[in-house]
Amino acid sequence: MGLFDDFFGVQSFEDEGEFMPLISIEEEDEKTIQEVYSDILPILALKNTVLFPGIVIPITVGRDKSIKAINKAYDKDRIIGVVSQRDSKIESPGPVDLYQIGTIARIIKLIRMPDGTTTAILQGRKRFRIQNILKEDPYMEGVVSILSYEESSKKLEFEALVASIIDKARQIIELSPNIPSEAIVMLRNISSHSFLLNFIASNLGIKVHQKQKLLEINNLEEKAKLVYQQMDGELQLLELRDQIESKVRTDIEKQQRDYFLSQQLKTIQEELGQNPQEEDIRTLGERAKKKKWSKAVGETFEKELGKLKRMNPQVAEYSIQMNYLDLLLELPWEDFTKDNFDLNLVKKVLDKDHYGLEKVKERILEHLAVLKLKGDMKAPILCLVGPPGVGKTSLGKSIANALRRKFVRMSLGGLHDESEIRGHRKTYIGAMPGRIVQSLKKAGAGNPVFILDEIDKVGKDFRGDPSSALLEVLDPEQNSTFYDNYLELEYDLSKVMFVATANSLSSIQPALLDRMEIIEISGYSTEEKVEIAKRHLIPQQRVEHGLKPSHVKIGVKAIRQTIEEYTRESGVRSLNRRIAGIMRGVAKKVAMDEVSSITVGPEDLKEYLGPSRFSNDVYQKGLVPGVAVGLAWTQVGGDILFIEVSLNKGKGALAMTGSLGEVMKESATTALSYIKAHSEELGIDPELFQQRDIHLHVPQGAIPKDGPSAGITILTALTSAFTGKPLKPYLAMTGEITLRGKVLPVGGIKEKILAAKRAGLKRIILCKENEKHVEEIQASYIEGMEFHYVTEMGEVLKAALDS
């Protein structure tokens, strides 16, 4: 409620509530009132308002005590004491529930209503303080003392303050649409300062306790300051409300103006024969004539275009239909890029972008060769599987560059909704085609290289199974008729070269896995990482850090030490970050003019990268009996593994420590059973198995270890411990064993052999069937190493133990 809102608009309150404050016409100032009041007065409690001297208010009286007090005063001298309640919710207030300062009022008129209530018109006269309550029944009566105002000692300042209050009131009246402008004239005609302050205080839209505070102030200057402060807050509220209303009004006017202008423009265009909708439809038809597509698609387009012509442009379906026809025109139905059939050039581009990855490159070249000879062939659907950072995704872009095809990448990680693949039916609000169709539209060609990234991380929930939707996309026999729910037409994906990437095959649906050609990409060896750093990473980081080739050179030894001591990964992402760290250090020195050229050697790495983070196990010559060296595969490459066996007096119990998995424990049990069965052939006293406890331990106990490839290593270590014969120096082995003593092949051969090479080992024992995997390793990487291929455990023990 704003200032003067009560004065110019009647409001109704239940019980002793305020209707409206009015101005007393006859007497304005308390000083001019010469009436003599009794010290004992009936007391009337007001619920929701405060009566100020000089103000006339009508109130509705409903409480029994209040009616009796009003009637008593009206019958006697029409004088009554009016005070406000502290809490308006109390129906029968006592002395403690009332403020002590109130206003003596004259009852101008008393009207008894048909419903039993009484309406009294009260005129405030003078302020008083309750000294004592004499009685509470049948109505409240008390002893009162009259209060008077203290005049301001600073007359000039007080006059200026009153003038400011009147000016502030003028601003409030101007901002309040419900208050007539004549109100400001009325305020300026009030000559009494105390009455002016009381009148404004009575009409302020503040709470009862704040009005009571204004009533209780005796000093007129203090009262004026508080009134001015309350008015200032109300003016700020009105200004804010006015700003909001003005902004809303401006926005509505702009919308109306835009609507009227658009209607006028539409009318003018119709008069000139320039209907914009007809123009859009004509443009669609002209684009369709230039489009290469099948007869079925053309017929569908004409049918849907006919529907558009019959639609009212104002309905929502019009824009949906327009978007659908736009999609039909923008899709590359029979638009294909021309492949690059220069196989030597393709090989050169692939080799330039990626070092190694020979299997993938060979498969791409084979496909191109067939395509060149036959002229038409369904694109292969490849799945590159390997650890993070080995270049699976970037290889897809390289393939696109080499073939001169468009490149599209679609991340499937965390995809849950089947509609992301197949699209939504266009009857739904906000329907869109699937991401396959959207990507082809973006590519603008029907035969791009399409990377399906992280296909092993596709989710599944109540919204459907996206991996099942991919079955149609990745099946060469079905994807020529791929059906998108939004498109409602069959789309040919057979020319698209899909390349999926994954870190693991275990989470891929078997039916989906069956549709793809799996190409495993193993982690890079140290030698390969050195070449990648020299050819790609160092030049790239040098450019990114604003350095010239003359500024910095990193030696091969420094690169190798960075790989071995500062990274532990299959790919090269971490290595790239370490090289970036070196480049930042060099850039700082060059920028500060400390040096003009730097050659970074192994001894400088600590300065740029800090202390080394990893250390590799290095083979030590002169192993005691019971210790054998195995080879292990990890996600970050290969590693060597020491198997330790000790015999103690006991009853033949077998203890295994070192965080071994179930498969590895079973290998140890199998190996022990084989030794017991062939103890005489191995020269072992059978009684020892009952007299000795066996403890098998694999160091680095915090790291979990599992897998069957340590089988022959465990058997050799056990045999060495029982026979007391040490293993031949610089020897490592890997292979699975059976209870009959057969040696079976294992995986990760490349990584394991390169780990052995790094550790300084020279002889490797492998299963005969793993020979083909050794042949795939570049000869220069394994130069100086000797390989023993075996099929049975007898051959392993003969090659491993000193005679």
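Straight Cα distances below 19 angstrom link K225 to the lysines K154, K155, K168, K207, K211, K213, with same-chain residues fewer than 8 positions distant left out. GluC sites (Glu not before Pro) within region 313-374: which are DSSP loop residues with at most 16 other Cβ atoms inside 10 Å? Listed in order of number, the matching sites are E334. Have a look at S92, L489, Y674 and report the one farthest towards the positive end of the charge dipole of the chain, computed about the Cα centre with Cβ charges (Lys/Arg +1, Asp/Glu -1). The residue sitting farthest along the positive end of the dipole is Y674. The angle between the Cα long axis of helix 556-566 and the main principal axis of the chain comes to about 60°, on a 0 to 90 degree scale.
Label region 519-559 by shape, choosing from rounded, prolate and oblate, from the square roots a ≥ b ≥ c of the eigenvalues of the Cα gyration tensor; if a/c is under 1.5 it is rounded, and otherwise prolate applies when a/b is larger than b/c, oblate when it is not. The partial results should precede the final answer.
On the way: a/c = 4.38, a/b = 1.91, b/c = 2.30.
In terms of gyration-tensor shape, oblate.
The figure for K441 is an accessible area of roughly 80 square angstrom, using a 1.4 Å probe on the protein chains alone.
Which trypsin sites (Lys or Arg not before Pro) does region 171-220 hold that lie in a coil by DSSP with at most 11 other beta carbons within 10 Å?
Here the trypsin sites (Lys or Arg not before Pro) that fit, given the DSSP loop and packing criteria, are K207.
For the peptides 517-525, 643-651, the ranking by mean Cβ contacts within 10 Å, running from highest to lowest, is 517-525, 643-651. With coordinates expressed along the principal axes, the C-alpha atoms belonging to region 235-346 extend over 82, 46, 24 Å, beginning with the largest.
Counting Lys and Arg as +1 and Asp and Glu as -1, each charge on the Cβ, what is the dipole of region 314-468 about the Cα centre in debye, to the nearest 20? Kindly include the intermediate steps, with their values, before the conclusion.
On the way: 25 positive and 21 negative charges, 82 e Å.
Computed about the Cα centre, the dipole is about 400 debye.
When you filter the GluC sites (Glu not before Pro) in region 106-205 for DSSP loop state and at most 14 other Cβ atoms inside 10 Å of their Cβ, you are left with E151.
Ranked by the mean number of other Cβ atoms within 10 Å of their residues, highest first, the peptides 708-714, 340-346 come out as 708-714, 340-346. Each of V663, T723, Q691 was scored by the projection of its Cα onto the charge dipole of region 629-725, and the greatest displacement toward the positive side belongs to Q691; charges sit on the C-beta of Lys, Arg, Asp and Glu.
Share of antiparallel DSSP beta bridges in the chain, in percent to the nearest 5? Write down the numbers at each step before the final one.
Working: 55 of 95 bridges.
Counting DSSP beta bridges with both partners in the chain, the antiparallel share is about 60 percent.
Couplings for region 330-344, taken from phi via the Karplus curve 6.51 cos²θ - 1.76 cosθ + 1.60 with θ = phi - 60°, read 8, 6, x, 4, 10, 9, 10, 7, 8, 6, 8, 9, 7, 4, 5 Hz in order; Gly and Pro are left as x.
What does the charge count around R535 come to, taking other residues whose C-beta lies under 14 Å from its C-beta (Lys +1, Arg +1, Asp -1, Glu -1)? Intermediate results must be reported in sequence, preceding the final value.
On the way: positive: K348, K352, K529, K534, R542; negative: D351, D353, E527, E528, E531.
So the environment of R535 carries a net charge of 0.
Taking Rh as the Kirkwood radius computed over C-alpha pairs, what is the Stokes-Einstein D of the chain at 20 °C in a medium of viscosity 1.002 mPa s, expressed in µm² per second? Estimated diffusion coefficient is 57 µm²/s.
What value does region 302-398 have for Rg/Rh, both radii from Cα atoms and Rh as Kirkwood defines it? Kindly include the intermediate steps, with their values, before the conclusion.
Numbers: Rg = 21.8 Å, Rh = 17.5 Å.
Here the Rg-to-Rh quotient is 1.24.
Please label the shape of region 644-699 as rounded, prolate or oblate, based on the square roots a ≥ b ≥ c of the eigenvalues of the alpha-carbon gyration tensor (a/c under 1.5 means rounded; beyond that, a/b larger than b/c means prolate, else oblate). Working shown, then result.
On the way: a/c = 2.37, a/b = 1.47, b/c = 1.61.
Because a/c hits 1.5 or more and a/b fails to exceed b/c, region 644-699 counts as oblate.
With a cut-off of 13 Å between beta carbons, the residues surrounding L688 carry a summed charge of 0, where Lys and Arg count +1 and Asp and Glu -1.
Per residue, the accessible area of the chain comes to 50 Å², computed with a 1.4 Å probe over protein heavy atoms only.
What translational D, rounded to a whole number of µm²/s, comes out for region 71-141 from Stokes-Einstein when the hydrodynamic radius is the Kirkwood one over Cα pairs, at 25 °C and 0.890 mPa s?
Details: Rh = 13.4 Å.
Rounded to a whole number, D works out at 183 µm²/s.
For n ≥ 4 DSSP H runs only, could you compute -39500 (n - 2.57) per run for the chain, divide by its residues and tell me the 222 nm figure to the nearest 500? Don't skip to the end; give the middle numbers.
Details: 29 runs with 337 residues, N = 803.
Taking each H run of at least 4 residues, the total per residue is -13000 deg cm²/dmol.
So which of K359/K705; K742/K772; K397/K442; K359/K460; K557/K757 end up more than 23 Å apart, counting from Cα to Cα?
Details: K359/K705 30 Å; K742/K772 19 Å; K397/K442 16 Å; K359/K460 32 Å; K557/K757 16 Å.
The answer is K359/K705; K359/K460.
Taken about its Cα centre, the chain carries a charge dipole of about 2520 debye when Lys and Arg each add +1 at the Cβ and Asp and Glu each add -1 at the Cβ. Working ranking of peptides 555-565, 251-261 by packing, defined as the average number of other Cβ atoms within 10 Å per residue, highest first, is 555-565, 251-261. Considering only G626, Y74, M113, the residue lying farthest towards the positive end of the dipole of the chain is G626, judged by Cα position with unit charges set on Cβ. Note on K291: aspartates and glutamates with a C-alpha under 19 Å away, same-chain residues under 8 apart excluded, are E279, D280, E299, E302, E304, D326, E330, E334, D335, E488, E490, D492. Simple point charges give the picture: +1 on the Cβ of Lys and Arg, -1 on the Cβ of Asp and Glu, and for region 72-181 a dipole about the Cα centre of about 300 debye.
Other residues within the sphere of radius under 11 Å centred on the Cβ of V96, judged by their own Cβ, net out at -1 (K and R +1, D and E -1). Cα centroid separation, region 729-789 to region 664-686: 23 Å.
In the structure shown, the pairs K292/K352; K348/K750; K752/K798; K290/K338 are assessed against 27 Å; a Cα-Cα span above that value is assigned to K292/K352.
Where the accessible area of the chain is counted over protein heavy atoms with a 1.4 Å probe, how much of it, in %, is carbon and sulfur? Provide the component values of the computation, followed by the final result.
Details: 20100 of 40140 Å².
The value for the chain is 50 percent carbon and sulfur by accessible area.
The values are calculated or read from the model by the stated rules, or taken from the named source; none is laboratory data. This structure is a prediction, so every number in the text was calculated from the model and none was measured. Here Cβ is always computed from backbone atoms with ideal geometry, including for glycine, and neighbour counts include all displayed protein chains. The area values use the complete protein model at the heavy-atom level, side chains included, leaving out ligands, DNA and RNA. Shrake-Rupley method; radii C 1.70, N 1.55, O 1.52, S 1.80 Å.
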